[in-house]
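Each reported figure results from applying straightforward, stated rules to the coordinates on display, with no laboratory input. Since the structure is predicted, the reported quantities are computational estimates derived from the model, not experimental observations. Ideal geometry is used to build each Cβ from the backbone, glycine not excepted, and the neighbour counts take in all protein chains shown.
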Amino acid sequence: MSFFVEYGSSLHCVWLIIAKPESRIHLAFNDFDVEPQFDFLAVKDGGTSYSSPLIGVYDGTQVPQFLISTSNFLYLLFTTDKSHSDVGFQIRYETVKLQSDHCLDPGIPVNGLRHGDDFYVGALVTFGCDPGYTLSDSEALECEPNFQWKKLKCKTIKIM
């Protein structure tokens, strides 16, 4: 899906991506540049706008490397205001089958890094942030028996 040309104003676009019940959805951001604070892409982990858990709301140029759903649905909402627009975005998605013995790749937080490439149940991976950022949660994640990871993100360090 793509809006990688200057997009219009006052848009309210919805995409519902559906995979087979035994699969999950891997969403990768190839390009992303929307007006900060006024235009945004909201991604929800499920098939409805109201009851599905929010994965994230993205604006400007800061997006994760990729996202993986915990169900076989992803709900995307792109909303713009009445004024300025930027270049837009290009997103690629594919379905991935759940493995019976390990978690899917947890990715790397925006403005961060990951240490560890073993994703089996009980395995630990650790994370850090680029200079000027700090983790909002713990540095280590453990692949849980339900084959899920806790979400992490880096936040800006406020200098007084």
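Per residue, the average separation of C-alpha pairs within less than 8 Å and at least 6 apart gives the chain a relative contact order of 25 percent. Between Tyr50 and Ala28, what is the label-to-label distance in nm when each label sits 7 Å out along the Cα-to-Cβ direction? Inter-label distance under the simple model: 3.6 nm. Within the listed set Val63, Val34, Val121, the Gaussian network model of the chain (springs between alpha-carbon atoms below 10 Å) gives the highest mean-square fluctuation for Val121. Restricting the stretch 1-103 to chymotrypsin sites (Phe, Trp or Tyr not before Pro) that sit in a DSSP loop and have at most 11 other Cβ atoms within 10 Å of their own Cβ leaves Tyr50. Inter-label distance, Ser136 to Leu113: 2.2 nm, where each label sits 7 Å from its Cα along the C-beta direction. Looking at the stretch 22-103, the trypsin sites (Lys or Arg not before Pro) that sit in a DSSP loop and have at most 12 other Cβ atoms within 10 Å of their own Cβ are Lys82.
Taking a virtual spin label 7 Å from the Cα of Leu16 along the C-beta vector, which residues in the stretch 77-106 bring their backbone nitrogen under 16 Å of it? Correct set: 77-78. When only alpha carbons are used to place a centre, the stretch 3-74 and the stretch 85-123 end up 15 Å from one another. Out of Glu142, Glu35, Glu22, any idea which swings most in a Gaussian network model of the chain, alpha carbons joined below 10 Å? Between Glu142, Glu35, Glu22, it is Glu22 that shows the largest mean-square fluctuation.
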